[in-house]
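Input: a single structure, listed below in structure tokens.
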Amino acid sequence: MRADTRLVDTGQQQLGRRAPDPLTGSPPRVAHPGAAPAPPGRRPAGARRGTSASRGPLARLTSGGGDGNERLTVLTGIVLFVLLAALGVTILRIHPLIWEHLFIGLLLLGPVALKLGSTGYRFVRYYTRDPVYRRKGPPPPFLRLLGPLVVLSTVVVFASGVALLLLGPSSRSTLLLVHKASFFVWLALTAVHVLGHLPEVARALNGGREIRVAVLSEIADGIAQRPGERPTEPRQQAGRGPAGSASSTATHDLRAGRAGRALALAGALLAGLVLALLLIPEFGPWLHYHRVLIGH
């Protein structure tokens, strides 16, 4: 009994000499002297789980932080650029290509919503003082002033287009003028917006190449590993931090978030496609109107 008392007293003395936890401010836990140590390879109880690999599936899909959000925004912008180029071709030949113009316009609604959502998410997280987004910092002041105008013109041009489709050619006297005017305003604002964000596009694409190199390196290590051999530590890239550092953790989180970004982009395209397919019956009045105009 006296030996146990001495052991407990010794543990309390050690607790008094230890500094409190710098993160929580609470006193550190002292293991009971008679407690068995944790088995090799197993995480001790209460240990923090810092990387996305130790989180649940949903957390791994949505990981990536500010860099992942930036990459999703850039990838969505590239998809929008391709679809808008196709829409521009239909504008140049609107009468024979009115069906394609309507279909691509509806298909764009999904990626446009995703782009507005990703930029809006960054806006909210920054102004609610999320530390990850505060470290990334805001866009330049000019682009911050331009952003609301881009969003407003985007909403007007697409909302007027959908209204024209649903109300038919009889509504063209007012809505068509709004649709055309808002399109030219939106085109000018978007061109300046894209030029202002070119550095982010280059950075995101370069980051994607770095991740592919890291993934291929890990695959090569796995193939070269002999059966029964212990896995080697991740190799240190030239100019990168060692394995387990903040840079390697960020790269791991970005790789984990790739599936979530791919699902978000595919889901946005699928939503636009479904909407376009559902509204094909509404194309009829406009097809007839343009046939009459070109004399067919």
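The values are calculated or read from the model by the stated rules, or taken from the named source; none is laboratory data. The structure displayed is predicted, hence computed values, not measured ones. Note that we place each Cβ from the backbone using ideal geometry, even for glycine, and neighbour counts take in every protein chain shown. For the accessible areas, the whole protein counts, side chains as well, though only heavy atoms, and no ligand, DNA or RNA atoms are used. Shrake-Rupley method; radii C 1.70, N 1.55, O 1.52, S 1.80 Å.
With a 1.4 Å probe and all protein chains kept in place, how do VAL132, VAL155, VAL112 rank by accessible area, largest first?
VAL155, VAL132, VAL112
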### Query
Tell me, what is the percent relative contact order of segment 112-206, built from C-alpha pairs under 8 Å that lie six or more residues apart?
26 percent
### Summary
Once both label points are put 7 Å beyond Cα along the C-beta direction, the ILE91-ALA188 separation in nm becomes 1.3 nm
#### Entry: Amide N of segment 101-139 lying under 19 Å from the label point, which is placed 7 angstrom from the Cα of ALA202 along Cα→Cβ
139
### Query
Between THR128 and GLU100, what FRET efficiency comes out of the Förster formula 1/(1 + (r/R0)^6) with R0 = 51 Å and r the beta carbon distance, rounded to 0.05?
0.75
#### Entry: Rounded to the nearest 20 debye, dipole of segment 66-170 from Cβ charges on Lys, Arg, Asp, Glu
480 debye
### Query
So what are segment 79-158's ellipsoid semi-axes, whole angstrom, largest first, if each one is the square root of 5 times an eigenvalue of the alpha-carbon gyration tensor?
33, 12, 10
